[in-house]
Amino acid sequence: MTDVVAQRMWNQRISGQQFEKPEDVVGWMGAMQAQEYLGAKWALALRMRSADDDAIEQAFTDGKILRTHILRPTWHFVLPDDIRWIQMLTAPRVHAFNAYMYRQSELDDALLVRGCDILAKALQGGKQLTKVEIGAALAEAGIIADGVRLGYLIHYAELEAIVCSGGRRGKQFTYALMDERAPNARILTRDEALAELTLRYYTSHGAASVYDFAWWSGLTIADVKTGIEMVKSQLESIDINGQAYWFNATPPPTPPHFASLIERGVEEQQELSASMTCYLLPTYDEYVIGYTDRSLMFPENEAKLPGSRRETAFDSMILIDGWVVGTWRREFKGKTVVIDTEIFSPLMDDQQAAFLAASKRYGDYLGMKVAMT
């Protein structure tokens with residue numbers, strides 16, 4: 001199991017950290033869950049050599065990374081270059097999942113199509129509108145929609161590649177036309193898209209099972225198996241308890257900054273080692289949410305315990321050497337971020353030092369002081 005943990009950490013670039021820009025991270029991962037926006041930005045920063053919240057927010061404002069409902073029926077970051085072909089591949093399954101809520105919200109096909117037409121006209125010319133403003137535009141055209149009904153109407157327009165994220169206006173999210181936000185988005189055939197998404201997932205998330213990819217992508221098991229066959233020459237697998245776990249057969253190159261650490265000598269590596277062994281993962285991080293069997297993230301003595309430790313994907317996790325050792329929560333008080341923890345087993349001195357270093361990194365990213373409770 002240790003090899004799988006190390007490989008996932010490396011391929012997810014949590015331990016590699018070679019990326020310079022937020023868009024490099026998103027492109028490598030294919031898509032990254034972004035339901036909890038503040039945490040999702042930190043997930044990007046964890047995979048970058050150096051990052052602060054303002055820089056990532058600016059990349060989002062500039063449209064270098066987009067946020068939309070894609071893959072599964074939840075928010076993800078995705079690149080403008082990739083948004084259309086991934087949406088074309090995965091949207092039919094999400095529509096099927098949403099069908100019940102469309103009916104419950106009295107949104108039939110004709111009304112959904114009409115709503116998309118209204119949105120397209122309202123957003124033309126680079127306009128970026130909030131959800132409330134979109135509701136007003138729909139009401140003016142004779143469609144009354146608010147709350148869940150409005151949410152699913154916009155969700156439908158996202159899946160149909162009509163709208164995606166604009167920049168934020170203060171703390172409010174806006175929507176923009178996808179054609180204007182991603183004018184050069186690639187269009188692939190279904191087979192091309194399936195092959196590319198399969199290779200992208202197993203390169204960035206491997207080692208992972210067929211069921212892991214099906215969960216992450218929202219595709220059927222049959223589609224996943226077809227995708228693996230398409231790119232099998234570029235993949236390898238290992239067997240764990242009778243289950244094949246796939247990964248890219250050609251590992252990515254050593255991150256440049258690792259080589260520079262070696263050049264600077266063993267003493268500095270030892271000095272930095274504590275901060276390189278512990279990571280504070282945000283809620284819904286891909287290291288957790290990207291797999292179905294999450295017991296592999298826990299040390300064997302923890303994974304066998306009853307209860308929710310290995311089952312939850314909805315907590316912010318503390319990793320030490322790739323293993324989940326506890327959870328953490330943040331609270332902002334003025335210019336201080338307060339970190340509250342639940343540690344499963346007492347930490348050794350070196351683990352505690354690593355945790356403190358990881359906490360400081362989070363504070364530096366926010367430009368805030370850190371306090372513990």
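The values are calculated or read from the model by the stated rules, or taken from the named source; none is laboratory data. Predicted, not measured: the structure shown is a model, and the values here were computed from it. All Cβ positions, even for glycine, are placed from backbone atoms using ideal geometry, and neighbour counts span all protein chains on display.
Summary of computed values
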| quantity | calculated |
| --- | --- |
| Test set (1) within 23 Å of ASP212 (Cβ to Cβ); (2) modelled with pLDDT under 95 - THR373 fails condition number | (1) |
| From LYS232, LYS225, residue being modelled with pLDDT of 90 or more, surrounded by fewer than 23 Cβ atoms within 10 Å (Cβ to Cβ) and more than 24 Å from the chain's Cα centre (by Cα) | LYS232 |
| Within segment 336-373, considering residues that are farther than 24 Å from ASP54 by Cβ and among the aromatic types (Phe, Trp, Tyr), the one surrounded by the fewest Cβ atoms within 10 Å (Cβ to Cβ) | PHE344 |
| Filter result (of a type in the set (D, E, K, R), over 22 Å from ARG169 (Cα atoms) and surrounded by 15 or more Cβ atoms within 10 Å (Cβ to Cβ)) within segment 118-154 | ARG149 |
| Filtered residues of segment 164-175 (kept if over 11 Å from PHE60 (Cβ atoms) and touching a residue at least 60 places away in the same chain (Cβ under 8 Å)) | CYS164 |
| Filtered residues of segment 58-95 (kept if of a type in the set (S, T, N, Q), farther than 18 Å from ASN184 by Cβ and either in contact with a strand residue (DSSP E or B) (Cβ under 7 Å, 6 or more places away or on another chain) or outside the structural domain of TYR156 (by TED's automatic domain parsing) (or both)) | THR74 |
| Candidate set from segment 36-92 (those that are under 15 Å from the mean Cα position of the chain (by Cα) and hydroxyl-bearing (Ser, Thr, Tyr)); member that is surrounded by the most Cβ atoms within 10 Å (Cβ to Cβ) | THR68 |
| Of all residues in segment 278-290 being in a loop (DSSP other than H, G, I, E, B) and in contact with a strand residue (DSSP E or B) (Cβ under 6 Å, 6 or more places away or on another chain), the one that is nearest to ARG8 (Cα to Cα) | LEU281 |
| Residue match in segment 24-39 (condition: in contact with a Gly (Cβ under 8 Å, 6 or more places away or on another chain), modelled with pLDDT of 95 or more and on the phi > 0 side of the Ramachandran plot) | no |
| Unmet criterion (only one of (1) of a type in the set (Gly, Ala, Ser); (2) modelled with pLDDT under 95; (3) at negative phi) for GLY322 | (3) |
| Residues that are among the aromatic types (Phe, Trp, Tyr) and either outside the structural domain of ASP146 (by TED's automatic domain parsing) or surrounded by fewer than 11 Cβ atoms within 10 Å (Cβ to Cβ) (or both), drawn from segment 97-117 | TYR100 |
| Subset of segment 105-149 (residues that are touching a residue at least 12 places away in the same chain (Cβ under 8 Å), more than 24 Å from LEU66 (Cα to Cα) and not charged (D, E, K, R)) | SER105, LEU107, LEU111, ALA141, ILE143, ALA145 |
| Enumeration of residues in segment 5-37 that are part of a loop (DSSP other than H, G, I, E, B), under 23 Å from PHE314 (Cα atoms) and not assigned by TED's automatic domain parsing to the domain that holds ALA59 | GLN12, ARG13, ILE14, SER15 |
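A quick yes/no check of all residues on (1) β-branched (Val, Ile, Thr); (2) over 18 Å from TRP323 (Cβ atoms); (3) at pLDDT 95 or above; (4) surrounded by 12 or more Cβ atoms within 10 Å (Cβ to Cβ):
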| site | (1), (2), (3), (4) |
| --- | --- |
| ALA193 | no, yes, yes, yes |
| ARG200 | no, yes, yes, yes |
| GLN243 | no, yes, no, yes |
| PRO251 | no, yes, no, yes |
| GLU267 | no, yes, no, no |
| PRO299 | no, no, no, yes |
